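Enquirer: Sharing a structure below in structure tokens format, with a few things to ask.
The values are calculated or read from the model by the stated rules, or taken from the named source; none is laboratory data. Quick caveat: nothing in here was measured; it's all calculated off a predicted structure. FYI the Cβ positions are ideal-geometry reconstructions off the backbone, even for glycines, and counts take in every protein chain you see. Side chains included, ligands, DNA and RNA excluded: accessible areas come from the protein's heavy atoms. Shrake-Rupley method; radii C 1.70, N 1.55, O 1.52, S 1.80 Å.
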Amino acid sequence: MNLPPLTGQDIAFAAGSGFVTLSLAVSGGFVPLPKIPALASWLQWASPAKYTFQALAIAQFEGGRLEVMLDEMELRRPASIGANLLVLVGMYIMFTVATAAVLARKQETR
């Protein structure tokens, strides 16, 4: 059986989809953060989905009668919407610089 060679685009798509899947799995949206096994719990800190979900949860529940859910589900690290957005902006900058560095090393092919 002859398989076509993997291209950079194929590898990038596989890595990107794997990262997004892992990010969603440890974001706290599907499984509460306290219930994520210790082996995988450290991955939450590298998950952009975690900070997005956390900012939305804080915006929705803070100041209301369901605010206790934020503490029970450990959705207050970082504790404010602004801090979560700051982490997301930092991740965006980091991923942008990393992408630019990788693409600068890649030779153009047509």
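Enquirer: Could you tell me which residue out of 18, 80, 3 lies farthest along the dipole of the chain toward its positive end? Charges go on the beta carbon: Lys and Arg +1, Asp and Glu -1, centred on the Cα centre.
Expert: 3
Enquirer: Turning to a different aspect of this structure: With axes computed from alpha carbons, what is the tilt in degrees of helix 81-105 against the longest principal axis of the chain, rounded to the nearest 10 within 0 to 90?
Expert: Computed tilt is about 10 degrees.
Enquirer: So with the 1.4 Å probe, I'd like the accessible area per residue for the chain, rounded to whole Å².
Expert: I get 75 Å² per residue for this part.
Enquirer: Do any chymotrypsin sites (Phe, Trp or Tyr not before Pro) in segment 6-110 lie in a DSSP loop with no more than 16 other beta carbon atoms within 10 Å, and if so, which?
Expert: In loop regions of segment 6-110 (DSSP not H, G, I, E or B), the sparsely surrounded chymotrypsin sites (Phe, Trp or Tyr not before Pro) are 30.
Enquirer: What translational D, rounded to a whole number of µm²/s, comes out for the chain from Stokes-Einstein when the hydrodynamic radius is the Kirkwood one over Cα pairs, at 37 °C and 0.692 mPa s?
Expert: 203 µm²/s
Enquirer: On a 0 to 90 degree scale, rounded to 10, what angle separates helix 48-61 from the longest Cα axis of the chain?
Expert: So the inclination is approximately 20 degrees.
Enquirer: Quick check: at a probe of 1.4 Å, how many percent of the accessible area of the chain sits on carbon and sulfur atoms?
Expert: Ligands and nucleic acids excluded, carbon and sulfur give 69 percent.
Enquirer: Another question, if that's okay. For residue 22 and residue 46, compute 0.36 nm times the residue count separating them, minus their Cα-Cα distance, and round to one decimal in nm.
Expert: Extra length available between residue 22 and residue 46 comes to 7.7 nm.
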